[in-house]
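The values are calculated or read from the model by the stated rules, or taken from the named source; none is laboratory data. Nothing here was measured: the structure is a model prediction, and the numbers come from that model. Cβ placement follows ideal geometry from the backbone for every residue including glycine, while neighbour counts extend to all protein chains displayed.
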Amino acid sequence: MQRRFLALALAGACLAASAQVAPDDPDWKELDAPPPPALRTSGLIPVDVPGTRLRFGIDPASVNVGSDRIVRYVIVASSASGAVNAMYEGIRCDAGEMKVYARHNPDRGWVPSRDAQWQPLTTAANSRHGLEVARSGACLGRAPNGTAAQIVLDLRAPIERRFERGGVNR
């Protein structure tokens, strides 16, 4: 338990510090996000989001680290009544920010977010799940946690093995 607390505290401190510091590259430009993949609701990696009754999960096949260093993924939120919501999101580890690119509508499929803007992970409305994704394996300090495959490994790993000696299986 103490090890889990230390891992979460370290990740939280890194994200909090990065949210207050300007990104290293002032010339950074976001690339066009690839289109969201087809929605999958099975085989999701659970993401524990304290303080909510919703169950969250990431589609491991959707995790992508772009050459712009944005970690993009599909997250699915399910309620006890069976309602399902899905978002296609991105995290900028260096800036401690997230963006919602699209939301899934059961009747229309993926609907792009209008005027999607980068929001701080620590203060953005409805971003608790994004902060947990960053802390649980998407980010390692102020950088993406390696490749998409490495991120998926850490997201799947027990909390006490994440980021140990630099991350799972390193």
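Table: residues versus (1) surrounded by fewer than 16 Cβ atoms within 10 Å (Cβ to Cβ); (2) more than 21 Å from V49 (Cβ to Cβ); (3) touching an Asp or Glu at 6+ places or on another chain (Cβ under 7 Å); (4) at pLDDT below 90.
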site: G96; (1), (2), (3), (4): no, no, no, no
site: K99; (1), (2), (3), (4): no, no, yes, no
site: G109; (1), (2), (3), (4): yes, yes, no, no
site: L131; (1), (2), (3), (4): no, no, no, no
site: A138; (1), (2), (3), (4): no, no, no, no
site: A143; (1), (2), (3), (4): yes, yes, yes, no
For R72, state whether it is among the charged types (D, E, K, R), free of Cβ contacts under 8 Å to residues at least 40 places away in the same chain and not in a strand (DSSP E or B). no
When residues of the range 111-129 are filtered for being in contact with an Asp or Glu (Cβ under 9 Å, 6 or more places away or on another chain) and assigned to a strand (DSSP E or B), how many remain? 2
In the range 131-150, which residues are assigned to a helix (DSSP H, G or I), within 19 Å of F56 (Cβ to Cβ) and among the polar types (S, T, N, Q)? S136
What residue, of G57, G82, G90, is of a type in the set (G, A, S) and assigned to a loop (DSSP other than H, G, I, E, B)? G82
Of the residues in the range 73-94, how many are crowded, with 18+ Cβ neighbours inside 10 Å and not basic (K, R)? 13
Any hit, the range 2-12, residues being part of a helix (DSSP H, G or I), polar (S, T, N, Q) and either modelled with pLDDT under 85 or exposed (fewer than 14 other Cβ atoms within 10 Å of the Cβ) (or both): yes
